[in-house]
Amino acid sequence: MAGRGGLLMLENFIGGKFLPCSSYLDSYDPSTGEVYCHVPNSGKEEVEAAVEAARAAFPGWSSRSPQERSQVLQRLADLLEQSLEELAQAESKDQGKTITLARTMDIPRAVHNFRFFASSILHHTSECTQMDHLGCLHYTVRAPVGIAALISPWNLPLYLLTWKIAPAIAAGNTVIAKPSELTSVTAWMMCRLLEKAGVPPGVVNIVFGTGPRVGEALVSHPEVPLISFTGSQPTAERIMQLSAPHCKKLSLELGGKNPAVIFEDANLAECIPTTVRSSFANQGEICLCTSRIFVQRSIYSEFLKRFVEAARMWKVGIPSDPSADMGALISKAHLEKVRSYIKKARMEGAQILCGEGVDKLNLPPRNQAGYFMLPTVITDVKDESCCMKEEIFGPVTCVVPFDSEEEVIQRANNVKYGLAATVWSGNVGRVHRVAKKLQSGLVWTNCWLIRELNLPFGGMKSSGVGREGAKDSYEFFTEVKTITVKH
Ligand SMILES: NC(=O)C1=CN([C@@H]2O[C@H](COP(=O)(O)OP(=O)(O)OC[C@H]3O[C@@H](n4cnc5c(N)ncnc54)[C@H](O)[C@@H]3O)[C@@H](O)[C@H]2O)C=CC1
Ligand SMILES: N/C(=C\C=C\C(=O)O)C(=O)O
């Protein structure tokens with residue numbers, strides 16, 4: 001919808017209707033730095049309206065059979081798929097990611113999220129045990145919890161929002177979703193498909209706006225008993241504080257400082273391109289991206305040379321260029337934050353081998369004010385450096401040598417996060433041993449980001465609380481009850 005100055009103007013989606021808001025935020029095109037869209041700056045009033053709509057829709061939706069809900073999800077998946085190109089274009093423009101990534105990863109995964117949970121909801125069973133000596137039978141039943149608050153970040157906008165909406169509504173909850181205020185467009189576009197898919201009014205409500213205003217109103221609302229959040233650790237802490245008085249159910253998917261552990265028997269022909277991708281895909285703005293690369297000393301020099309050559313080949317371009325490997329970072333503030341780590345690394349005496357401040361970025365004149373930076377490789381950096389400890393969430397990766405298996409496990413685990421790791425070795429025994437000892441919710445060996453949605457996804461330590469996936473999401477989005485029958 002066109003608004004002020006011909007710019008796109010989004011509206012909240014509450015109770016099946018698009019509703020304007022009394023104030024709006026500017027949303028920027030990361031590839032030019034220009035405002036191109038206005039996003040509702042919602043607050044308490046909009047959350048109240050959404051809670052009312054979600055409450056009214058709950059009895060009808062939760063009493064439908066899983067088969068009926070599954071059919072609605074399947075239709076929504078089909079409609080999203082029919083709009084794949086339009087959604088990919090919008091995601092790429094709004095987020096700064098390449099059109100190729102939006103076409104091949106973000107939107108297909110959003111479609112798959114609905115198809116996957118439409119299917120998995122049909123296959124859950126409950127537990128039953130017997131105590132014959134007491135004449136008792138025990139069994140469990142599960143029921144949807146109620147109104148779910150779903151808060152998602154800006155890095156994989158529709159991908160992560162649908163990863164929450166699909167299991168929540170498949171299990172019979174109604175939802176109030178809040179996408180990041182920086183990337184709201186594809187969520188709004190999806191709302192246009194809900195009625196046609198057969199989603200009843202009030203089952204999916206979307207309120208747009210900032211964390212402190214609408215996010216806090218949502219997570220502290222007494223009638224919202226569960227929250228699924230993906231984002232930063234400080235925000236998760238705030239959500240925990242606000243929800244504590246109500247003992248809400250929480251699923252928190254947070255950041256990472258993910259190691260790649262590369263042994264001397266690794267297949268470098270596979271390892272190097274995959275580790276370039278795991279470091280720089282989506283501008284390094286994926287919580288699963290590699291940001292500490294530990295390489296066994298005997299292959300360190302060779303690895304470093306080949307890795308830097310490959311990183312230099314990783315093409316930074318405007319998001320609409322289908323040959324670009326990397327687009328623009330999300331915002332000016334984020335670009336500055338990422339750059340500040342390179343500055344700190346230099347001050348600490350580390351070497352920047354390629355990228356920021358070393359190589360030249362070539363951009364068309366129209367994109368000179370966009371939030372671009374080159375893939376950057378840091379070395380000669382200490383494990384205690386902030387570049388090796390903190391989540392940078394940009395196209396920056398550190399490479400350091402190691403000598404032994406025990407040493408590298410200890411160093412890889414020596415951060416507060418525990419989300420994802422990769423291990424590269426041709427020795428099967430070592431791969432299993434190291435994977436088991438890494439403090440990480442996910443370990444990919446000789447590969448990266450191959451997702452099996454049936455299995456638990458999430459992190460340990462400061463990387464989160466809880467897991468999501470077929471069974472885990474079902475358990476999170478339902479409340480279980482144990483019933484005992486004496487016969
Ligand atoms: N999955 C991940 O690991 C992600 C990590 N990050 C990390 O977080 C850093 C900051 O990015 P942000 O966008 O600021 O992340 P954030 O955690 O502030 O934002 C994530 C979502 O939470 C909402 N939010 C923010 N404050 C809130 C509050 N008080 N109550 C309720 N909701 C709130 C935001 O509006 C957004 O929808 C990044 O540089 C990166 O390091 C960011 C996005 C995803
Ligand atoms: N949570 C994030 C990525 C999840 C990926 C997946 O489920 O496949 C993130 O980057 O924030």
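Bear in mind these aren't lab numbers, they're just calculated from the coordinates by the rules spelled out. Source: prediction; values computed, not measured. Because the Cβ atoms are built from the backbone with ideal geometry, glycine has one as well, and the counts that use them run over all protein chains shown.
Along the axis of the charge dipole computed for the stretch 370-443 (Cβ charges of +1 for Lys and Arg, -1 for Asp and Glu, origin at the Cα centre), the listed residues 399, 435, 415 are led at the positive end by 435. Among all the lysines, which ones have a C-alpha under 25 Å from residue 360's C-alpha, if same-chain residues fewer than 8 places away are not counted? Straight-distance partners of residue 360: 93, 97, 305, 315, 332, 337, 343, 344. Taking the C-alpha atoms only, the angle from helix 44-62 to the longest principal axis of the chain is near 60 degrees. Normalised Debye scattering of the stretch 141-263 at q = 0.11, 0.17 Å⁻¹ gives log10 I(q)/I(0) of -0.38, -0.84, counting only Cα atoms as equal scatterers and leaving out solvent.
Rank these for me by crowding, 268, 374, going from fewest to most other beta carbons within 10 Å.
Details: 268 18, 374 22.
Exposure proxy ranking, most exposed first: 268, 374.
If you plug the beta carbon distance of residue 309 and residue 267 into 1/(1 + (r/R0)^6) with R0 = 22 Å, you get a FRET efficiency near 0.80.
Neighbour counts of C-beta atoms inside 10 Å place 467, 366 in the sequence 366, 467, starting with the fewest. Any chance you could give the angle, 0 to 90 degrees and rounded to 10, that helix 233-243 forms with the longest Cα principal axis of the chain? That helix lies at roughly 20 degrees to the long axis.
If you average over every viewing direction, what projected area does the convex hull of the Cα atoms of the stretch 274-313 give, in nm²? Working shown, then result.
Details: hull surface 11.7 nm².
Answer in nm², one decimal: 2.9.
How compact is the chain by the rule of thumb for globular proteins, expressed as Cα Rg over 2.2 N^0.38 Å?
Cα Rg divided by the expected 2.2 N^0.38 Å: 1.01.
Shown in residue order for the stretch 397-408 are the 3J(HN,Hα) couplings computed by the Karplus curve 6.51 cos²θ - 1.76 cosθ + 1.60 at θ = phi - 60°: 9, 10, 10, 9, x, 9, 10, 10, 4, 4, 4, 5 Hz (x for Gly and Pro).
Per-residue ellipticity at 222 nm for the chain, helices alone: DSSP H runs ≥ 4 residues times -39500 (n - 2.57), over residue total, nearest 500 deg cm²/dmol? Write down the numbers at each step before the final one.
Values: 15 runs with 179 residues, N = 487.
Calculated mean residue ellipticity at 222 nm is -11500 deg cm²/dmol.
Rounded to the nearest Hz, the phi-derived 3J(HN,Hα) couplings of the stretch 296-304 under the Karplus curve 6.51 cos²θ - 1.76 cosθ + 1.60 (θ = phi - 60°) are 4, 4, 5, 10, 4, 5, 5, 4, 4, where x marks glycine and proline.
Relative to the longest principal axis of the chain, what angle (0 to 90°, nearest 10) does the C-alpha long axis of helix 332-347 take? Compared with the principal axis, the helix lies near 40 degrees. Based on alpha carbons, the Rg and Dmax found for the stretch 259-445 are 16.1, 53 Å.
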